[in-house]
1. Quick one: how many residues across region 54-66 are under 18 Å from GLY132 (Cβ atoms), assigned to a helix (DSSP H, G or I) and in contact (Cβ under 8 Å) with a residue 24 or more places away in the chain?
2. Considering only region 101-118, I want to know if a residue exists there that is within 16 Å of the chain's Cα centre (by Cα), of a type outside the set (A, V, I, L, M, F, W, C) and surrounded by 15 or more Cβ atoms within 10 Å (Cβ to Cβ).
3. Take ALA65 and decide whether it is surrounded by fewer than 16 Cβ atoms within 10 Å (Cβ to Cβ) and among the small types (Gly, Ala, Ser).
4. Evaluate region 83-91: report whether one residue or more is free of Cβ contacts under 8 Å to residues at least 40 places away in the same chain, within 18 Å of ALA136 (Cα to Cα), part of a helix (DSSP H, G or I) and of a type in the set (A, V, I, L, M).
5. For region 129-141, give me the residue count where each residue is surrounded by 13 or more Cβ atoms within 10 Å (Cβ to Cβ) and in contact with a Gly (Cβ under 9 Å, 6 or more places away or on another chain).
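Here, each number is a calculation from the coordinates, and none is a lab measurement. Every value quoted in this text rests on a predicted model; they were computed, and no experiment measured them. Counting neighbours? That spans all protein chains shown, and the Cβs are built from the backbone with ideal geometry, glycine included.
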Amino acid sequence: MRQIRRQRSINLLTDFQFPRESLIRRLQALVPRYELLAEVRGRRLILIIGLCALPARGVLFALLATPALMVAVQALDGLAGASFGVLVPLIASDVAGRSGHYNLSLGFLGVAIGIGATLSTIVAGWIADRFGDPAAFIGLGVVGLAAVGHGP
């Protein structure tokens with residue numbers, strides 16, 4: 001029985017290969033629109049879009065167990081990734097101004113993002129070991145929700 005479930009999960013994942021690739025292409029098409037939106041409406045809206053996608057993703061991962069639906073939830077990660085991918089160079093440019101230290105400010109932002117990613121992985125792994133995967137996803141979602149509440 002367990003082998004049948006595993007095979008069904010593998011089939012669901014391989015069957016979703018093409019929609020997942022087209023989904024990635026569609027999300028990549030968002031980046032130029034985000035850049036334009038950031039210039040027209042300001043960076044705050046893009047930041048809020050990215051920050052709101054993370055708690056929603058955490059809650060959905062905690063509640064869903066079907067591999068096909070998990071692939072769809074990854075779209076929220078792409079939405080957040082596109083938001084932050086657009087914002088990081090723009091913020092580095094704002095911080096550096098005309099000082100000529102764009103690469104330095106981009107490097108500091110990269111280090112800060114790397115430290116945050118490392119710490120969140122460590123903490124989420126510890127929570128998952130102690131309390132289970134849903135608790136880890138809910139915990140990460142709560143941190144993302146706190147970022148939305150504290151954010152811009």
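1. Final tally of qualifying residues: 6.
2. no
3. yes
4. No, the conditions are met nowhere in region 83-91.
5. Result for region 129-141: 6.
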